[in-house]
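**Student:** I'd like to ask you about the structure that follows.
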Amino acid sequence: MVTDLFVVDIGRKAMLLMLYMCGPMLLAALFVGLFIALFQAATHINEMTMTFIPKILTVLLVLMFFLPTMVALFKDFFINLMAIIPTLYH
């Protein structure tokens, strides 16, 4: 039987999964952006394109590093979700 608590628990697990999957890339982009902003403020260089390429490269590197973990987390969540579905309407 599907209860409100059950639905909230699945939603909570999905949001935690989203944080685990997106968090490393977002934090890396944040720190690189902060470092570049400090560098630009110290040198008075105001080039807008200077921030995009390092952030993109950082996100790609972090993605390549964490991709196996992300796939494993998503696979476990999906398998658990698929295992729960047949038991919902009994």
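**Student:** Under 16 Å from a point 7 Å along the Cα-to-Cβ line of Phe52: which residues of the stretch 19-34 have their amide N that close?
**Tutor:** Of the residues in the stretch 19-34, 33 have backbone N under 16 Å from the label point off Phe52.
**Student:** Where does each of Val8, Val59 land when they are ranked from fewest to most other beta-carbon atoms within 10 angstrom?
**Tutor:** Val8, Val59
**Student:** Rounded to two decimals, what ratio of Rg to Rh does the chain give with C-alpha atoms and a Kirkwood Rh?
**Tutor:** Details: Rg = 19.6 Å, Rh = 15.9 Å.
Across the chain, the Cα-based Rg/Rh ratio is 1.23.
**Student:** Using Cα pairs closer than 8 Å and at least 6 residues apart in sequence, work out the relative contact order for the chain, in percent. Don't skip to the end; give the middle numbers.
**Tutor:** Values: 36 pairs, mean separation 41.9, N = 90.
Relative contact order comes out at 47 percent.
Coordinate-derived values only; no laboratory data. Keep in mind it's a predicted model, so treat the numbers as computed, not measured. Every residue, glycine as well, gets a Cβ built from its backbone with ideal geometry; the counts of neighbours run over all protein chains shown.
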